[in-house]
Every structure is written in C-alpha cells, then in structure tokens.
C-alpha cells in the first residue's frame, strides 16, 4: 500500500478551469502500461460530445502545450468533455522511447483515449490532432472506423517528413552529426531504427473513413498534396488556411504564441457539426498508477498532488518503500512543465525511485497545470513568486522539516533552487546550466521575507552605478570578459559584476550539498576569479562542479542529457544513501 508520507493535500478533483469546467488528472489505458491525461468536463457533468486532443511529438509538443490547454478550456466551456493525454512513453505516461513498437504504442494510445471517453458516457466523439498528432490520429481512425468529427491541424502528410525534419534540426544543432546506427534524433526525441522505419510507412491516406465530418487546417500557401485527404463526400470535408503556425510550433517553447484565431475556428466548427443535446459524463477520481518496478521487482507508483495554499500541481513518484533519504523535488525549467525538457524530470524521478527515493515534480505558478497567482505575470521566469512556490512545495512535501529536501533545477529552475535553499534551507541542490539573476517584476506576489532576502541579494550583486556611467562600457565589458582569472578576482572585488561563486559559497556555508552540471564555458563563468576563495571556504556542505562535454542548455540533445542524468543519479545516491533497504521480494 502506498505510504501517504504526510503530503499536504491530494489533488483536488474539482480544480476549476476557465469557463466553469472542472479538470481532473486521470490514468487510463492498460493497467500495466498506464497513460496519463487531463479530463476536462463542464461543471454540470453533462457533455454534448467527447473530444480527444492528440498532441505533437518532440519540441513541437512542448511548444504547443499552452495552445492545446486553451483549446481544451474553450471546448469545455462550450459543453464538451475533453481529454488531453500523453502518448505511451511520453510525458507522464508510462514507458520510454527506448521500448519497441513505438508507433504502434502511439496509435494504441489514441485508441485508448477514444475508448476512455466512450466509457465515460460520451455519445458523440471527436478528435483534434496537431502536427504528427493529426497524422497519427488519421491513421488510427481510418483503421478503427472513424468518429463523428475530426480536425487535422497542420498535419504532416507523411511520417517520413517528420523524421526528415527532426533529423535536419538535430544536424543543424549538432553541426552535421549523423547517427550511424539507423536511429534519428531530433530536439527532445530519439527514434530507434524500428520507429524510424514505422514512421516512414505512416501517411495521410485516402483510404478509410476518418470521421463523418472532417476539417483540414493547413498553412497559407501550403495545401496538402493531392490524394492526402481521406476519402469523404465533398460536403463532409471542410478546408481552411490558417496563419500563426510558425509562431506556435516552429519556435522554442518560451517564444510560442497561442494562435487565437485558429483555436476559435476549431471550436466554432465543432460546435456547428456536433449536436447540442447533452448526456451525463462520469469523472473518475484521481488515482495511483504503477509506472515501473525497482531492480528487486517492487512496484513504483505515481499519484497527482496539490501542494501548498496555491494548489501547485505535482506528481509524486515512490517505490513500495522509501529508503529513508530526503525527498527530491524537481522544478520547472523556464516555461516547460513538470515533465521537464525532453522528459528529463520524469526519467530522473523514476530512476531515483528505483533506488529508494521519493520524488515530486511540480509546476510553479502560471506554468503547466498550476494556475497563475493573482496579480502575477504570466510566463515569467526567475521570479520572486517562484521562490515562494518552492518554499510552499517544501513545506507541503516535508512539513516536519521543509529544509530536509533535495532541490533539482535547470536554468531558471537552478536559480529558484539556490534562492529557495538560501531562504528556506535544503539538504542538497542540483543545478543544471543554472542562472543566478531575478528576471521577473520586483513587486511580484511573494512573502515579505522571501522578497526581501532575494531582492537584497540582487541589489548586492548588481554592478556599481559608476560602472554604468562609463562611456563605451559594452566594449569595456568585452575586454574584461576575456581577462585572465587573477584579474577577475580584482573585478569581483570592485563589483563590476557579481561572481556566481558567491551564491555557491553561501549555499555550501549553510550546509547545503551542491552539484552543478554545465558545459566548460558556464563552469568558467561560475568560478572565474573565485577558485581560491571557493577552496578556502569553511564549507560544512560541499560544492561539486561537473563539466559535461556536448551538453546543450535545455538538455534536448541525447548525448549531453544522458551524461547529465547519470551524474545526477550517481551524485544523489552517493550523497544521500538510503538508510533502509527494500523489503525482500
């Protein structure tokens, strides 16, 4: 039986969504291979139709999350029950991309999602697929007999085009590197040779009936090739050219823009083609799912949580019995949700759970599944609110000793880790490619003590005013940036710039164990002019800086990501070894 661990507040199944609907996290599909999704239902429990949203894959899936969430909110406000979900081996669902038959598993995930809505009581069914999600949805629906309505939103005409695009993006990033084992890697996705072969056979086919009514959305001037639209009477197929796709899926997640007109067109079309009569829908309670096993064969379970007074959404991962080590908390990287870039936090959470650790990955205010704080700024990173959110999560996960946790973060998450550890305390901090400066508004909604301490550090770390008045200071900065390390010691003392090593020193002096994983340039930035000072520090804790060759900032590249993950797991296990072995099998 899953130990409750005294976590404050299970997930509330009546969490409100815009438009008066309720949103519930659900596990569905095969019990031994559970899929994760968000089920959004009108507040009166009655629905005119059930709509499955099939997301894109790779970085397109990350960038489009806010748009698909907005689409779900608007559909539920119009009386639809909506299921957003993660394919097998992606997001919070069980499995990983190294398993066989990935394309079949993704198609099976769509089949399970449609079945979930039918079992919930939805009489009329619709599917909306975006990018490769549209291509997969068309293939699955053609084979199973179709649904009442389907929307193919900017689909790939073939899986081959998706494979080619991902490989091209990766070659650009990696400066021409090509795999020699038949696999193809894109930003945030690795496709084994079998997956590549199966995707190359995937295409929008004119054979089979995808739906009784079909809407095909394509970019302006880029219609689908002849023969790629499923065969239906002309009166049953609507075509529309749309704008804004480049700003939705062809950009980094932090730059993605919700295409409001396209979302509105989809909602209006579905309202028109689906009847207005409603039927009751059954909403399951949030449940616990088995997502893996430890080396000795014991189950690893996950469950959704609501953390702290502002209801931060989190997912707890635990083995059958923890080993007495501190819980590990994973923080957002920028605007990427609790899954982490390239699913990094899910992989780490389950790897550590397999070694006896309890972990919680959660969303800060305004990111992923956590609503925005009143008065806060949407999609802000490195904010005072974020520091307060981490402190709230610490108190919820470890109410007896909020400082008795290990915090893990990337980029802005590294900043929130360091500030939260300095404000609330932490047993350990793991920072990957960390940032150390506040980027959000100074009047953010944070507790006075957190705001004061963090802002005072920002003031102390800011350049002196006389430096700002130097003519041509940009050129001067370029010169000092290239200065040798001894000169940086003087630069630091003059406070021309703040040495990040001061933050590391403060953390270590407070007794916090610190691991920093970064590339060689970031390692130089962290230590410049402060190597001797770091060495002389009285550190009750310790600071370890590990340089990973080939690591990219967001860990979207497999080589650097794998090295970083191995370092983090080995460090956490060695620094906080379990005190209690698992029960015998």
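See the values below:
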{"quantity": "Pair list, Cβ < 9 Å and 6+ apart or interchain, from the range 321-332 residues that are on the phi > 0 side of the Ramachandran plot to residues that are surrounded by 22 or more Cβ atoms within 10 Å (Cβ to Cβ)", "calculated": "324/356"}
{"quantity": "Filter pass, residue 81 being within 18 Å of residue 36 (Cβ to Cβ), crowded, with 24+ Cβ neighbours inside 10 Å and over 23 Å from the mean Cα position of the chain (by Cα)", "calculated": "yes"}
{"quantity": "Residue match in the range 278-300 (condition: touching a helix residue (DSSP H, G or I) at 6+ places or on another chain (Cβ under 6 Å), at pLDDT 95 or above and closer than 22 Å to residue 72 by Cα)", "calculated": "yes"}
{"quantity": "Matching entry among 371, 399 (being modelled with pLDDT of 95 or more, within 21 Å of residue 315 (Cβ to Cβ) and assigned to a loop (DSSP other than H, G, I, E, B))", "calculated": "399"}
{"quantity": "Entirely in the range 478-585, the helices (runs of 4 or more DSSP H) that have 1 or more residues that are modelled with pLDDT of 90 or more and more than 30 Å from residue 179 (Cβ to Cβ)", "calculated": "501-509, 558-575"}
{"quantity": "Top-ranked residue of the range 245-283 - restricted to ones that are assigned to a loop (DSSP other than H, G, I, E, B) and over 30 Å from the mean Cα position of the chain (by Cα), ranked as surrounded by the most Cβ atoms within 10 Å (Cβ to Cβ)", "calculated": "274"}
{"quantity": "In the range 380-396, the residues that are within 21 Å of residue 515 (Cβ to Cβ) and either within 17 Å of the chain's Cα centre (by Cα) or in a strand (DSSP E or B) (or both)", "calculated": "382, 386, 390"}
{"quantity": "Hits in the range 27-43 - residues which are part of a strand (DSSP E or B) and either free of Cβ contacts under 8 Å to residues at least 24 places away in the same chain or surrounded by fewer than 24 Cβ atoms within 10 Å (Cβ to Cβ) (or both)", "calculated": "27, 38, 42"}
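The values are calculated or read from the model by the stated rules, or taken from the named source; none is laboratory data. Please read these numbers as outputs of a predicted model, since none were measured by experiment. Neighbour counts are summed over all protein chains in view; Cβ atoms, including those assigned to glycine, are modelled from backbone coordinates with ideal geometry.
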